[in-house]
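Trainee: First the structure, which I've put down as C-alpha cells, then a few questions once you've had a look.
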Amino acid sequence: MPQKNEKLGFLTRAVHEGNAVDKDTKAVKRPITMANSYELPYDPTGINWSSAGQNLYTRNGGANQNYLQEKIASFENAQDSIVLASGVAALSGLFFSLLKSGDHVIFSSVTYIAVYRLLNELFNNKFKIETSIVDTSNLQAIKTALKPNTKLIHVETPANPTLSISDIKAISEIARKNGALLSVDNTLASPFNQRPIELGADFSIESLTKYVNGHGDAMGGSISGKKEYLDVIRAQAQVNLGAAISPFNAWLIMRGAATFPLRMKQHNENALETARFLETLDETRFVSYPGLESHRGHAAAKLQMNPGFGGVLSFALKADADAHNRFVSNLRIITSAVSLGHDTSLIAYIGKNDERQYLYPKEFHNGFLRLSVGIEDSKDIIDDIKQALIKTFKT
C-alpha cells in the first residue's frame, strides 16, 4: 500500500486514491467486481490456497477491497490497511490474531459495547486472556495496570458514548517503554480529524460503516498499521475466520469516501454549534462534547484532533426517563436510531439500566441522550431541538 503522498492534500486523496480509469470500459470510476472467484494461472500447483491479498477467491481478497484499502491507508498515513466486513470484525480480528492465552490487555473503561463483550467476557473466558478495564484518560491508571505480560493497550478516543479523551501520544510512549502494542479505535474522530498512527499508535481501527461511508447503507471496518502485523491479521481474521467484506459494500464505502472530508467539515461545524446551543439551555443537565471548553478532555483533544472534534455529543435533560423519551418522539428532523456518522442526524436514549453505567462518569448514571449530528443545516437541527423541548416541557 502506498504511503501518504505529501504532494496531494487530504481532499484530493479522498477523490483519487484507489481509483483509476477502468481498463476495459474506460469508465472514470472503477466498477463493482461481483465475483467470488478469479481465474487461476496455467499452473496453480504452487498456490497457497489460504494466502491473502491476491485475487484468488474473494475471502482471500478481492478487487474492490484492494482499492478501498489503498484509500484507507492513505487516510490514516499508514504503511498498510486491511478492510473487513464490519468495525466489529476489525476489532475482533485484531484481538484474535495478536493475542494468545496468558497475554494481558489493558482497555478503555468506555468503549464500544462489542469491545467490552470481547475483552471483558469472551476472550477472557474462552481463551484465558487477562484483561484490565482502565480509565485511559488517566495516564497513571494505565501505568498502574501494566504487567510483565501486557501485550496490548486498546484505547477508544473519543470514547463512545461519553466522549472521554485519552492522550494517544502519551499512551504510545507508555506502551513502547513496556514492550506493549497500542491500538486505537478512531471511529468517533475519523481519520479526517485524528490519525493515531501519526501520534505513535501501532494500529488505528475504524468502523467504516460510520463516517467514511457516511450514507447509512453499507458496513465495513478497517485496521491500519505496519504490514508485518496486517499480513498476520489478513491470514487469520479474513481468510481463516472469514471476515471478508463483500465487493458491493467495499464499492459503496469507496463511493462514500470521496466526499468524506467535505462531510466531516459539516459534521464538525454542526456538532460544535449544537453542543454550544445545548450548553446554554436551562433544560439540560450536562453536555459532553470535546470541542467545548467545559469538557474535561478539551485540552488533550485540541492537541490530537484537527481540524475538528467529530459529530457525536451526549447530553441529558433535567427530567425523568419518560420525558427523555417524549423529547425524542417530538423530534422531526433528528431520527431515533442507533449508529452514527450518517448524513442524517440520529439520536438514542440510553437509560439508567445500561450495564456499563458504573464505568461512566457520574453525570451519565441516570440516563442520557447520544446525538450523532448530521450534515443538515445547523439551524434546522437546533430548531428541531427547540420545538421538541417546548412540546416536552409544556404544561
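Trainee: Which label belongs to the value computed from this structure, given these candidates for Cα Rg over 2.2 N^0.38 Å: (1) 1.00; (2) 1.24; (3) 1.11?
Mentor: (1)
Trainee: Still on this structure, please answer the following. Report the local net charge at G87: Lys and Arg +1, Asp and Glu -1, summed over other residues whose C-beta lies under 12 Å from its C-beta.
Mentor: Taking every other residue near G87 into account, the sum is -2.
Trainee: Give the order of R117, R370 when sorted by the count of other beta carbons within 10 angstrom, beginning with the fewest.
Mentor: Ordered from fewest to most neighbouring Cβ atoms within 10 Å, R117, R370 come out as R117, R370.
Trainee: Given an 8 Å cut-off on Cα distances and at least 6 residues of separation, report the relative contact order of the chain as a percent. Show your work: numbers first, answer last.
Mentor: Numbers: 826 pairs, mean separation 66.6, N = 395.
The normalised contact order for the chain reaches 17 percent.
Trainee: A follow-up question, please. Out of the DSSP beta bridges found with both residues in the chain, what percent are antiparallel (nearest 5)? The partial results should precede the final answer.
Mentor: Details: 25 of 44 bridges.
That works out to approximately 55 percent antiparallel.
Trainee: Further question: Under the rule of -39500 (n - 2.57) per DSSP H run of 4 or more residues, summed and divided by the residues of the chain, what mean residue ellipticity at 222 nm is obtained, to the nearest 500 deg cm²/dmol? Write down the numbers at each step before the final one.
Mentor: On the way: 14 runs with 135 residues, N = 395.
Computed mean residue ellipticity for the chain: -10000 deg cm²/dmol.
Trainee: Between 0 and 90 degrees, rounded to the nearest ten: what's the tilt of helix 321-330 against the longest Cα principal axis of the chain?
Mentor: 70
Trainee: Express the relative contact order of segment 260-393 as a whole percentage, based on alpha carbon pairs under 8 Å and six or more residues apart in sequence. All intermediate terms of the calculation are to be shown ahead of the outcome.
Mentor: Values: 218 pairs, mean separation 36.9, N = 134.
Relative contact order here is 28 percent.
Trainee: Sticking with this structure for a sec: Suppose a student asked you for the relative contact order of segment 1-139, using Cα pairs under 8 Å spaced at least 6 residues apart; what percent would you report?
Mentor: Numbers: 146 pairs, mean separation 30.1, N = 139.
It rounds to 22 percent for segment 1-139.
Trainee: Based on other C-beta atoms within 10 Å, arrange Y358, Y112, Y38 from fewest to most. Walk me through the numbers before you get to the answer.
Mentor: Values: Y358 8, Y112 21, Y38 15.
Final ranking by Cβ density, sparse to dense: Y358, Y38, Y112.
Trainee: Another question about this same structure. Once the other residues with Cβ under 13 Å from the Cβ of G351 are scored (Lys, Arg +1; Asp, Glu -1), what is the net sum?
Mentor: On the way: positive: K352, R356, R370; negative: D320, D322, D354, E355.
Value of the local net charge: -1.
Trainee: Quick check on the exposure proxy: order H267, H16 from fewest to most C-beta atoms within 10 angstrom.
Mentor: Working: H267 29, H16 14.
So the residues, fewest neighbours to most, are H16, H267.
Trainee: Also: My understanding is that a pair violates if its Cα-Cα distance is over 28 Å; which of K126/K147; K128/K169; K100/K143 do that in this structure? Mind showing how you got there, number by number?
Mentor: On the way: K126/K147 21 Å; K128/K169 30 Å; K100/K143 22 Å.
K128/K169, as the Cα separations exceed 28 Å there.
Trainee: Starting from the Cα of K7, draw a straight line to each of the lysines and keep only those under 25 Å, dropping any in the same chain fewer than 8 residues away.
Mentor: Correct list for K7: K29, K71, K226, K227, K265.
Trainee: Quick check for me: using +1 on Lys/Arg Cβ and -1 on Asp/Glu Cβ, what's the dipole size of the chain about its Cα centre, in debye to the nearest 20? The partial results should precede the final answer.
Mentor: On the way: 42 positive and 40 negative charges, 57 e Å.
Dipole about the Cα centre, nearest 20: 280 debye.
Quick note: the coordinates plus some simple rules give every number you see, no bench work behind them. What you are looking at is a predicted structure, and each value in this text was computed from that prediction instead of being measured. Every residue, glycine among them, receives a Cβ derived from its backbone with ideal geometry; neighbour counts consider all protein chains shown.
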